[in-house]
Amino acid sequence: MEERASGEQENSRAAFLQQHSLPSSESEDDDGFMELLDEQDLKNDEEMPSDVSSLWTAPLVMRRADSRAKRCRLFGSSSMSSIAGRTTQKRMERSQEENSPGKSKKRKSLPGTSEDSTSLKLVRTQPSTAEIESILDSDQRDLIGDFSKSYLFDTVDGKHQDLKYIDSEMIVSVLTGKFESFIKQCVIIDCRYPYEYEGGHIKGAINLHMEEEVENFLLKKPIQPSEDKRVIVVFHCEFSSERGPRMCRFVREQDRLSNEYPNLHYPELYVLKGGYKDFFSRCQSFCEPQSYRPMHHKDFKEDLKRFRTKSRTWAGEKSKREMYSRLKKL
């Protein structure tokens with residue numbers, strides 16, 4: 001009995017090894033290590049639960065043959081066919097909308113192809129000479145303040161873009177009588193302080209450094225032009241940077257207030273570029289006396305302080321008077 005039991009055990013062990021052994025190429029190189037593992041597995045085979053033993057005997061990768069069939073059934077199902085049908089129907093409806101006359105998209109035509117007669121065509125035309133001249137004539141920047149005629153003097157670029165500047169040579173042309181047939185009177189207003197004016201000024205220039213003085217001289221009794229001749233006013237200070245341009249703007253503002261637009265007493269105003277300093281360096285012979293006294297002269301510090309204080313005080317009082325007059329009109 002014992003020999004029969006041992007024989008059956010040997011047969012079962014051989015069958016188990018034949019079923020779970022590696023291929024011959026791997027068993028030839030295991031150096032007997034796999035036999036030790038197999039013996040240990042046989043001893044523990046009876047003690048191992050059935051679930052755990054199935055892990056040893058099951059294949060490492062399980063091929064699900066039914067996955068492909070499931071996918072085939074999925075795409076062949078009625079739900080998918082209805083979705084595909086709806087998609088096809090939408091595409092057909094969209095193509096019909098695009099081909100309809102009301103919703104057709106306009107495409108860029110290639111050169112040489114004909115376009116639809118309803119499409120707009122842009123045509124670039126060259127303006128005629130008459131149109132260009134009319135545009136230039138309508139440019140009010142080249143007209144004097146009342147828009148009646150063009151400026152008489154050739155202007156140059158200056159610091160303030162809203163003002164018209166002339167150079168020293170233009171003043172010399174006026175002083176030498178080259179514009180006698182066009183000008184009734186050219187008023188040159190020197191806006192510097194009196195001690196500067198006394199130290200040297202342009203021949204025939206009038207020293208008016210206060211806005212009140214300029215207003216009384218020009219606007220209280222305006223100089224009337226003749227039919228064919230103009231009245232021109234030129235402003236300047238030491239550099240024609242601040243005082244001269246400010247006085248020029250003041251006269252234009254007050255002139256606008258005292259006239260119905262666009263009429264003006266003095267429609268043609270200029271500023272001397274570079275001021276008296278530049279004029280003296282270029283045209284000294286047209287100055288009297290032939291000298292130049294700067295505003296910040298060391299011998300006239302007190303005069304500078306006094307005139308500045310007076311100008312600021314008058315400007316403050318003037319602003320108060322204007323505000324009071326505006327309140328009375330409310």
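Structural remarks
- Given (1) without any contact (Cβ under 8 Å) to a residue 24 or more places away in the chain; (2) part of a helix (DSSP H, G or I), index of the condition ASP255 fails: (1)
Residues checked against (1) under 25 Å from GLU212 (Cβ atoms); (2) loosely packed, with under 12 Cβ neighbours inside 10 Å:
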{"site": "LYS273", "(1), (2)": "no, no"}
{"site": "TYR276", "(1), (2)": "yes, no"}
{"site": "PHE279", "(1), (2)": "no, no"}
{"site": "ARG282", "(1), (2)": "no, no"}
{"site": "PRO289", "(1), (2)": "no, yes"}
{"site": "ARG293", "(1), (2)": "yes, no"}
{"site": "ARG306", "(1), (2)": "yes, no"}
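- Filter pass, LEU219 being surrounded by 15 or more Cβ atoms within 10 Å (Cβ to Cβ) and modelled with pLDDT of 95 or more: yes
Here is a yes/no grid of residues against (1) in contact with a Phe, Trp or Tyr (Cβ under 8 Å, 6 or more places away or on another chain); (2) part of a strand (DSSP E or B):
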position: ASP146; (1), (2): no, no
position: PHE153; (1), (2): yes, no
position: CYS186; (1), (2): yes, yes
position: ASN216; (1), (2): no, no
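- Every residue from region 258-279 that is assigned to a helix (DSSP H, G or I), more than 37 Å from the chain's Cα centre (by Cα) and either within 14 Å of ASP162 (Cβ to Cβ) or not basic (Lys, Arg) (or both): TYR276, ASP278, PHE279
- Odd one out for VAL234 among (1) surrounded by fewer than 14 Cβ atoms within 10 Å (Cβ to Cβ); (2) in a strand (DSSP E or B): (1)
- Residue within region 154-171 that is aliphatic (A, V, I, L, M), open to solvent by 30 Å² or more (accessible area, probe 1.4 Å) and touching a residue at least 24 places away in the same chain (Cβ under 8 Å) present: yes
- Residue within region 128-142 that is at pLDDT 95 or above and in a loop (DSSP other than H, G, I, E, B) present: no
- Checking GLU212 against (1) modelled with pLDDT of 95 or more; (2) more than 20 Å from LYS273 (Cβ to Cβ); (3) surrounded by fewer than 16 Cβ atoms within 10 Å (Cβ to Cβ); (4) not basic (Lys, Arg), the condition it does not meet: (1)
- Residue list for region 258-271, restricted to those being in contact (Cβ under 8 Å) with a residue 40 or more places away in the chain and open to solvent by 30 Å² or more (accessible area, probe 1.4 Å): PRO262, ASN263, HIS265
The values are calculated or read from the model by the stated rules, or taken from the named source; none is laboratory data. Note that the coordinates shown come from a computational prediction; the quantities given were computed from them, not determined experimentally. For neighbour counting, all protein chains shown are included, and Cβ atoms are generated from backbone atoms with ideal geometry for every residue, glycine included. Ligands, DNA and RNA are excluded from the accessible area calculation, which covers all protein heavy atoms including side chains. Shrake-Rupley method; radii C 1.70, N 1.55, O 1.52, S 1.80 Å.
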